[in-house]
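A.B. asks: Just passing along the structure, written as structure tokens.
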Amino acid sequence: MYYQGEPGAFSEAAIRHYFPGQEPRGLESFAAVFARLSADSHAYALLPIENAYRGTVTEVWDRLVETDALTIWAEAVEPVHLALMARPHETLDSIQRVRSHPQALMQSRGFWQPRGYQVDMALDTAGSAREVAEFGWPGVAAIASPLAAERYGLKILAEPLEDYPDNRTRFWLVSQRKPLTPAGDVGGMKATLAFDIPHQPGSLSRILNVLAERRLDLTKIESRPRPGYPFEFRFWIDVALGTQDSTVLFDALNEVKSQVLFYRFLGLYPTIA
């Protein structure tokens, strides 16, 4: 199973949690993960899509919508606990710079900003920990999972760093064909779709009314730039089924499809806890 990042990443921890016995395989970028998924119909990946407090991982969303062959098969939510780590001789007073992925830096701003630390952005959290261990930069610490400190022989100087104790990230299980089901309890079913609408008054409200009339629970709506049409937008919607039969959902989606300029159904999938 693939993930974006290096050993010790939160995505690796999520795979070990939800897929015990599977061997996670890290790739250097989301582009590399999507290339592997597109080329290999037996490959599957667990990818972060949204943090509870810092929002969407937009690159994952954009690449998924642009890749016709891929489907969302499950959603899993993993707690995110951050630690400040450095080489053994460093202390909180000696640290001048912190290095991590932009999402982790945003999620721990309440810790590093008041201390006046400078920040360096990295491709992923575990990679920043590996670099601190490998290059030995004086006065530099990484913000990553405690697992990364253990893996790379770093000393944890402070934890937890996350601004909110209930910090967590949603992950999507993505592949061309149905993979293994994550371990855990099914909390319900969701569907996700993307669509473009005419740039006219009332276009979006008409789509939302289609869902409301069937009492479908809209759990997320977000806009992204519409490719090739500056300052027009593509919409992402998550719908929770609740107790409704899936025929109600697909009846609504057929009506939605007839009213939009672009339509991509990304999957009907269980939420796992």
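The values are calculated or read from the model by the stated rules, or taken from the named source; none is laboratory data. The structure presented is a predicted model; accordingly, all values stated were derived computationally and were not measured. Here the Cβ positions follow ideal geometry from the backbone for every residue, glycine too, while neighbour counts run over all protein chains shown.
A.B. asks: Among the residues of the range 181-192, is any touching a residue at least 40 places away in the same chain (Cβ under 8 Å), more than 18 Å from Val77 (Cβ to Cβ) and either among the charged types (D, E, K, R) or not assigned by TED's automatic domain parsing to the domain that holds Arg63 (or both)?
C.D. replies: Here is the first cut: in the range 181-192, the residues touching a residue at least 40 places away in the same chain (Cβ under 8 Å) are 181-192.
Filter again for more than 18 Å from Val77 (Cβ to Cβ), leaving none.
Checked against the condition, which is being touching a residue at least 40 places away in the same chain (Cβ under 8 Å), more than 18 Å from Val77 (Cβ to Cβ) and either among the charged types (D, E, K, R) or not assigned by TED's automatic domain parsing to the domain that holds Arg63 (or both), the range 181-192 yields no hits at all.
A.B. asks: Pick from Ala148, Ala133: which is in contact (Cβ under 8 Å) with a residue 60 or more places away in the chain and in the same structural domain as Arg87 (by TED's automatic domain parsing)?
C.D. replies: Values: Ala133 fails: in contact (Cβ under 8 Å) with a residue 60 or more places away in the chain.
Within the list Ala148, Ala133, the selection yields Ala148.
A.B. asks: Quick check: anything in the range 195-211 in a strand (DSSP E or B), closer than 24 Å to Thr71 by Cβ and not aromatic (Phe, Trp, Tyr)?
C.D. replies: Residues of the range 195-211 in a strand (DSSP E or B): 195-196.
Those left that are additionally closer than 24 Å to Thr71 by Cβ: 195-196.
Then drop every residue that is not not aromatic (Phe, Trp, Tyr), which leaves 196.
Checking the range 195-211: at least one residue is in a strand (DSSP E or B), closer than 24 Å to Thr71 by Cβ and not aromatic (Phe, Trp, Tyr).
A.B. asks: Listed residues Asp245, Asp166; which is of a type in the set (Asp, Glu) and more than 30 Å from Arg99 (Cα to Cα)?
C.D. replies: Working: Asp166 fails: more than 30 Å from Arg99 (Cα to Cα).
Step by step, each of Asp245, Asp166 is checked, and only Asp245 is of a type in the set (Asp, Glu) and more than 30 Å from Arg99 (Cα to Cα).
A.B. asks: Looking at the range 67-75, is at least one residue farther than 18 Å from Ser175 by Cβ, touching a residue at least 60 places away in the same chain (Cβ under 8 Å) and outside the structural domain of Tyr263 (by TED's automatic domain parsing)? Reasoning before the result, please.
C.D. replies: First pass over the range 67-75, keeping only residues farther than 18 Å from Ser175 by Cβ: none.
No, that holds for no residue.
A.B. asks: Would you check which residues across the range 72-94 are surrounded by fewer than 20 Cβ atoms within 10 Å (Cβ to Cβ) and either of a type in the set (A, V, I, L, M, F, W, C) or within 30 Å of Gly188 (Cα to Cα) (or both) and list them?
C.D. replies: Val77, Glu78, Pro79, His81, Leu92
A.B. asks: Taking the range 76-111 as the region of interest, how many residues are hydrophobic (A, V, I, L, M, F, W, C) and without any contact (Cβ under 8 Å) to a residue 60 or more places away in the chain? Before the answer, list the steps.
C.D. replies: First, pick out the residues of the range 76-111 that are hydrophobic (A, V, I, L, M, F, W, C): 76-77, 80, 82-86, 92, 95, 98, 104-106, 111.
Subsequent filtering for residues that are without any contact (Cβ under 8 Å) to a residue 60 or more places away in the chain retains 98, 104-106, 111.
So the answer is 5.
A.B. asks: What tally of residues in the range 224-263 results from selecting those that are within 19 Å of Arg170 (Cβ to Cβ) and touching a helix residue (DSSP H, G or I) at 6+ places or on another chain (Cβ under 9 Å)?
C.D. replies: Within the range 224-263, the subset within 19 Å of Arg170 (Cβ to Cβ) is 224, 235-242.
Add one more test, that the residue is touching a helix residue (DSSP H, G or I) at 6+ places or on another chain (Cβ under 9 Å), and what stays is 224, 235-237, 239, 241.
The number of residues fulfilling the criteria is 6.
A.B. asks: Would you point out which residue out of Arg63, Arg99, Arg54 is crowded, with 23+ Cβ neighbours inside 10 Å and at negative phi? Working first, answer last.
C.D. replies: Numbers: Arg63 fails: crowded, with 23+ Cβ neighbours inside 10 Å; Arg54 fails: crowded, with 23+ Cβ neighbours inside 10 Å.
After ruling out the rest, the residue left standing is Arg99.
A.B. asks: Same structure, new question: So, in the range 193-221, of the ones that are touching a residue at least 24 places away in the same chain (Cβ under 8 Å) and of a type in the set (Val, Ile, Thr), which residue ends up surrounded by the fewest Cβ atoms within 10 Å (Cβ to Cβ)?
C.D. replies: Thr219
A.B. asks: Looking at this structure, is Lys155 at pLDDT 95 or above and surrounded by fewer than 20 Cβ atoms within 10 Å (Cβ to Cβ)? Talk me through it step by step, then tell me what you get.
C.D. replies: Values: at pLDDT 95 or above: yes; surrounded by fewer than 20 Cβ atoms within 10 Å (Cβ to Cβ): yes.
It is true that Lys155 is at pLDDT 95 or above and surrounded by fewer than 20 Cβ atoms within 10 Å (Cβ to Cβ).
This table checks each residue for (1) surrounded by 19 or more Cβ atoms within 10 Å (Cβ to Cβ); (2) modelled with pLDDT under 95; (3) in a loop (DSSP other than H, G, I, E, B).
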site	(1), (2), (3)
Gly188	no, yes, no
Gly228	no, yes, yes
Asp238	yes, no, no
Val256	yes, no, no
